[in-house]
Each structure stands twice: as C-alpha cells, then as structure tokens.
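S.K.: Sharing a structure, written as structure tokens. Questions coming.
The values are calculated or read from the model by the stated rules, or taken from the named source; none is laboratory data. Keep in mind that what you see is a predicted model, and the values were worked out from it rather than measured. Here the Cβ positions follow ideal geometry from the backbone for every residue, glycine too, while neighbour counts run over all protein chains shown.
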C-alpha cells in the first residue's frame, strides 16, 4: 500500500467516492493507493484533498513531509 493508501485508510475514506467526486477512475485510485510505482500528480493531490475535505497542504505534508533539502 502507498502512503496515500495508508492516509486514506486512516481517514476511513471510500476510494470509490473519491473517484466519483474527483473524476479519477477507480483504476487510477487503485493504482495511486496500492502501487508504489505510481506517481501522484499535483492536480490529483489537489482534487483528492478537496474531495476528503482537507487542506491540500495538509495532504502534501502527510505524504511528502519527510523530504529535506540537501545540505552543502
């Protein structure tokens, strides 16, 4: 399961409902939540955040907050 999949599970969100609200296919939602090879696009993240009533920045931080700049 991907970080997005884990996040949505923690929020007890229905993936089919998200797909319906965002216009993303169920297949794409499954790919984004189950396949580590999938790449979440910015517009998908934004739409998913709106569909689950969280700030896009909150979702972005939950998924990618571990990233840090390289120090020189």
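S.K.: Check residue 61 against each of (1) in contact with a helix residue (DSSP H, G or I) (Cβ under 9 Å, 6 or more places away or on another chain); (2) outside any loop (DSSP other than H, G, I, E, B) and name the one condition it does not meet.
M.R.: All conditions are met except number (1).
S.K.: In the stretch 43-55, what count of residues is obtained for those that are touching a helix residue (DSSP H, G or I) at 6+ places or on another chain (Cβ under 9 Å) and farther than 13 Å from residue 7 by Cα?
M.R.: Taking the stretch 43-55 as the starting set, the residues that turn out to be touching a helix residue (DSSP H, G or I) at 6+ places or on another chain (Cβ under 9 Å) are 44-52, 54-55.
From what is left, the residues that are farther than 13 Å from residue 7 by Cα are 44, 46-47, 50-51, 55.
Residues flagged as touching a helix residue (DSSP H, G or I) at 6+ places or on another chain (Cβ under 9 Å) and farther than 13 Å from residue 7 by Cα within the stretch 43-55 amount to 6.
S.K.: Search the stretch 35-49 for residues being closer than 16 Å to residue 21 by Cβ and either buried (at least 16 other Cβ atoms within 10 Å of the Cβ) or in contact (Cβ under 8 Å) with a residue 40 or more places away in the chain (or both), and hand back the single one that is farthest from the chain's Cα centre (by Cα).
M.R.: Residue satisfying both the conditions and the ranking: 47.
S.K.: Could you list, ordered by first residue, the pairs with Cβ atoms under 9 Å in which the first is in the stretch 50-69 and at negative phi and surrounded by 13 or more Cβ atoms within 10 Å (Cβ to Cβ) and the second is part of a helix (DSSP H, G or I) and at pLDDT below 95, at least 6 apart or interchain?
M.R.: Filtered contacts from the stretch 50-69: no entries.
S.K.: Scan the stretch 18-33 residue by residue and report those that are in contact with a helix residue (DSSP H, G or I) (Cβ under 6 Å, 6 or more places away or on another chain) and loosely packed, with under 15 Cβ neighbours inside 10 Å.
M.R.: Passing the criteria: 21, 26.
S.K.: All but one of (1) on the phi > 0 side of the Ramachandran plot; (2) under 10 Å from the mean Cα position of the chain (by Cα) hold for residue 23, so report the exception by its number.
M.R.: (2)
S.K.: If a residue has to be over 21 Å from residue 65 (Cβ atoms), outside any helix (DSSP H, G or I) and touching a residue at least 12 places away in the same chain (Cβ under 8 Å) to count, how many in the stretch 1-34 make the cut?
M.R.: Count: 2.
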